[in-house]
Amino acid sequence: QVQLVESGGGLVQPGGSLRLSCAASESIFSIYAMGWYRQAPGKQRELVAVTTTGGSTNYLDSVKGRFTISRDNAKNTVYLQMNSLKPEDTAVYYCNADRGRDVYWGQGTQVTVSS
């Protein structure tokens, strides 16, 4: 059973930055795509960013140019750097590991963008 633990959420003003971290309990990046999802109140969970086993990345249109997903294989950690944050980025952010037949989720971390 893979454990994913997120950290780095919090309250930030519009235009500010946060970096989320997701630490995996074992070395899985070579076989799992790693993603960040978010869910705002009353809305469905949506994929924000993903990095594949080959290292390619993809982003939700509304965060392109502002968010960057990266990973540190030695630390079994994936990051989401979020810049130029907007109030509409407010949500619980979840880390995800997916290889089709096996999918794991972290517990989520709250990001609130407000003045």
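The values are calculated or read from the model by the stated rules, or taken from the named source; none is laboratory data. Computed from a prediction, not measured in an experiment: that's the story for all the values here. Counting neighbours? That spans all protein chains shown, and the Cβs are built from the backbone with ideal geometry, glycine included. Side chains included, ligands, DNA and RNA excluded: accessible areas come from the protein's heavy atoms. Shrake-Rupley method; radii C 1.70, N 1.55, O 1.52, S 1.80 Å.
Report whether or not Leu47 is in contact with a strand residue (DSSP E or B) (Cβ under 7 Å, 6 or more places away or on another chain), surrounded by fewer than 17 Cβ atoms within 10 Å (Cβ to Cβ) and either polar (S, T, N, Q) or free of Cβ contacts under 8 Å to residues at least 60 places away in the same chain (or both).
yes
Within segment 66-73, not a single residue is buried (at least 19 other Cβ atoms within 10 Å of the Cβ) and over 10 Å from the mean Cα position of the chain (by Cα). Taking the criterion of being outside any strand (DSSP E or B), modelled with pLDDT of 95 or more and open to solvent by 10 Å² or more (accessible area, probe 1.4 Å), the residues of segment 74-105 that qualify are Asn83, Ser84, Lys86, Pro87, Glu88, Thr90. For segment 43-61, the set of residues classified as within 14 Å of Arg99 (Cα to Cα) and part of a strand (DSSP E or B) consists of Val50, Thr51, listed by residue number.
Scanning segment 106-115 for residues that are not in a loop (DSSP other than H, G, I, E, B) and not hydroxyl-bearing (Ser, Thr, Tyr) yields Gln110, Val111, Val113.
For every residue, the table says whether it meets (1) over 23 Å from Gln1 (Cα atoms); (2) without any contact (Cβ under 8 Å) to a residue 24 or more places away in the chain; (3) out of contact with any helix residue (DSSP H, G or I) (no Cβ under 8 Å at 6 or more places or on another chain).
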residue	(1), (2), (3)
Ser25	no, no, yes
Gly35	no, no, yes
Gly65	yes, yes, yes
Lys75	no, no, yes
Tyr79	no, no, yes
Met82	yes, no, no
Lys86	yes, no, yes
Arg99	no, no, yes
Gly108	no, no, yes
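Return a yes/no flag: does segment 10-24 have any residue that is open to solvent by 40 Å² or more (accessible area, probe 1.4 Å), closer than 20 Å to Asp98 by Cα and not in a strand (DSSP E or B). For segment 10-24, residues open to solvent by 40 Å² or more (accessible area, probe 1.4 Å), closer than 20 Å to Asp98 by Cα and not in a strand (DSSP E or B): absent. Among the residues of segment 56-63, is there at least one that is at pLDDT below 95, open to solvent by 70 Å² or more (accessible area, probe 1.4 Å) and either over 28 Å from Gln1 (Cβ atoms) or of a type in the set (S, T, N, Q) (or both)? Looking for residues that are at pLDDT below 95, open to solvent by 70 Å² or more (accessible area, probe 1.4 Å) and either over 28 Å from Gln1 (Cβ atoms) or of a type in the set (S, T, N, Q) (or both), one finds none in segment 56-63, hence no.
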